[in-house]
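A.B. asks: Okay, handing you the structure first.
The values are calculated or read from the model by the stated rules, or taken from the named source; none is laboratory data. Model, not experiment: these values are computed from the prediction. So basically every Cβ, Gly included, is an ideal-geometry build from the backbone, and we count neighbours across all protein chains shown.
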Amino acid sequence: MARLSCFSAFLFIVFISLALPVYAEEAGCASQLYLGSSPSIKSPKLAAQTYPVCFSEIAVLYSGIARTPLWSAEHLTAARIERARTLPRLRSNAFHEELALPANQRSELTDYRRSGFDRGHMAPNGDMSTPESQEESFSLANMIPQDPCNNEVLWEGIESAVRDMALASGEVYVVTGPAFLGTELQSLNGRVLVPTHIFKAVYVPSRNAAAAYFAPNDGSQAWEPISISELESRVSVDVFPQLTAAVKQHAMILPEPTPHFGCRLRTTEAAGQSSRAGR
């Protein structure tokens, strides 16, 4: 993996005049967004070379610089989750490059190969209620390089907890994305930036309340609940621009993540140690 010496300097080399000020609702994704309004990117550098990608059950804003989404948005309803639970999970060969994006700015399957990182869904397969939307969720436009033990344990637990919130409340709006904090960032193949952190913001209309899970992109299983205002200050994205300042400033109590699996890598390593000890 390559290492970028300064992310800020890297972004400055992109001409802001090349940025495309496009919004996901213009691509027909308004149903996935609270009151049809896209998250607002507050940093001109972060907004450079962005592209909306509209799937049947996901709205995405993709960065041609990071070669990851900046956010993936979903409207989860109880009915949608119930339908999603009837579908089998797709196999790993469902991952695919997003041909709707410019060829020189989209991530590729080879970028992730032998990188040590998972292709981590931002809008998860488990939220998708049709075979078509399941397949769409495996687009690399919806992926970040994610630590395997984060992806397979903590993040799976967070995704499950949010689905339970949708079942209990009837509907929730969700915005998930990466954070690139600090001046030195890893990249895959010198092309795809590795997020330092990941967030999942949730708004519950029936309670008029919101908050976000915020976690480092590592295997520590650490996370913290933060307000929408605090999330904006950290990642320069206003994920729910239509909410009042009072709602944004107060973090509702989020349910604890409920992981269903252990980390595959750690399990494999432990099994190997046990096998060697028995020889």
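A.B. asks: Taking segment 213-270 as the search range and keeping residues that are of a type in the set (Lys, Arg) and within 25 Å of Asp164 (Cβ to Cβ), which one is surrounded by the most Cβ atoms within 10 Å (Cβ to Cβ)?
C.D. replies: Lys248
A.B. asks: Of everything in segment 142-167, what is more than 12 Å from the chain's Cα centre (by Cα) and either part of a loop (DSSP other than H, G, I, E, B) or under 13 Å from Tyr112 (Cβ atoms) (or both)? Give them in sequence order.
C.D. replies: Scanning segment 142-167 gives Asp147, Pro148.
A.B. asks: Right, another one. Would you check if Ala179 is modelled with pLDDT of 95 or more, touching a helix residue (DSSP H, G or I) at 6+ places or on another chain (Cβ under 9 Å) and among the small types (Gly, Ala, Ser)? Even if it seems obvious, please write down each step before you answer.
C.D. replies: Working: modelled with pLDDT of 95 or more: yes; touching a helix residue (DSSP H, G or I) at 6+ places or on another chain (Cβ under 9 Å): yes; among the small types (Gly, Ala, Ser): yes.
So Ala179 passes the test.
A.B. asks: Next question. Would you kindly identify the strands (runs of 3 or more DSSP E) lying entirely within segment 168-263 that contain at least 1 residues that are touching a Leu at 6+ places or on another chain (Cβ under 8 Å), closer than 30 Å to Glu82 by Cβ and of a type in the set (Phe, Trp, Tyr)?
C.D. replies: 171-179, 197-204, 209-216
A.B. asks: Can you name every residue in segment 64-84 that is in contact with a helix residue (DSSP H, G or I) (Cβ under 8 Å, 6 or more places away or on another chain), surrounded by fewer than 24 Cβ atoms within 10 Å (Cβ to Cβ) and either closer than 17 Å to Glu135 by Cα or not hydrophobic (A, V, I, L, M, F, W, C) (or both)?
C.D. replies: Scanning segment 64-84 gives His75, Thr77, Arg80, Ile81, Glu82, Ala84.
A.B. asks: Another one. Would you check if there is a residue in segment 62-69 being in a loop (DSSP other than H, G, I, E, B) and at positive phi?
C.D. replies: yes
A.B. asks: Pairs under 7 Å by beta carbon, first residue farther than 17 Å from Val194 by Cα in segment 150-163, partner modelled with pLDDT of 95 or more and hydroxyl-bearing (Ser, Thr, Tyr), six or more apart or different chains?
C.D. replies: Pairs found: Ile158/Tyr213.
A.B. asks: Does any residue of segment 74-81 turn out to be assigned to a strand (DSSP E or B), within 30 Å of Glu232 (Cβ to Cβ) and among the acidic types (Asp, Glu)?
C.D. replies: Checking segment 74-81: at least one residue is assigned to a strand (DSSP E or B), within 30 Å of Glu232 (Cβ to Cβ) and among the acidic types (Asp, Glu).
A.B. asks: Which residue is surrounded by the fewest Cβ atoms within 10 Å (Cβ to Cβ), if the candidates are limited to segment 130-175 and must be closer than 20 Å to His260 by Cβ and hydroxyl-bearing (Ser, Thr, Tyr)?
C.D. replies: Filtering first and then ranking leaves Ser160.
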